[in-house]
Amino acid sequence: MAKVKLIKIAHGRSGDKGNASNVGIIARHPEIYPFLKEKLTSDVVKNHMKHICKGSVERYELPNIGALNFVLNDSLDGGGTVSLKLDAQGKTHASTLLRMELEVPEELLKLV
């Protein structure tokens, strides 16, 4: 096992959905997806993003593309058209999540 940032094993993309941000995490290799599915729970994401996300975190699985989608409710102070936040559309939320550190098996790290 090695402690690495999520960005080592996944890509990310984010944006806004009203007052929620939408964060997609995509495995860099198909064999990494089951590991992400096990380790990257709604609770883990909520804990890492607690300074941004004031509401619940919903997780959606997209196995056909090896991805997880997270909806971070109440994270944009009302949304892009009313919020005074610097990132009112949540464009940096994927980057924030990709900096989370995880213990990853060495055999998965060899795939990337």
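Give the residues of the range 25-52 that are part of a helix (DSSP H, G or I), under 18 Å from residue 64 (Cα atoms) and hydrophobic (A, V, I, L, M, F, W, C), sorted by residue number. Even if it seems obvious, please write down each step before you answer.
Here is the first cut: in the range 25-52, the ones part of a helix (DSSP H, G or I) are 30-39, 42-48.
Checking which are under 18 Å from residue 64 (Cα atoms) leaves us with 30-38.
Within the range 25-52, 32, 35, 36 qualify.
Any residue in the range 53-67 that is free of Cβ contacts under 8 Å to residues at least 12 places away in the same chain and closer than 13 Å to residue 20 by Cβ sitting within a Cβ distance under 6 Å of a residue that is assigned to a strand (DSSP E or B) and not hydrophobic (A, V, I, L, M, F, W, C)? List the pairs, counting only those 6 or more apart or interchain. That search, which allows pairs on different chains as well, returns 60/69. Residue under question is residue 17, and the condition is that it be surrounded by 14 or more Cβ atoms within 10 Å (Cβ to Cβ), more than 23 Å from residue 106 (Cα to Cα) and at pLDDT 95 or above; does it hold? The answer is no for residue 17.
The values are calculated or read from the model by the stated rules, or taken from the named source; none is laboratory data. Every value quoted in this text rests on a predicted model; they were computed, and no experiment measured them. Every residue, glycine as well, gets a Cβ built from its backbone with ideal geometry; the counts of neighbours run over all protein chains shown.
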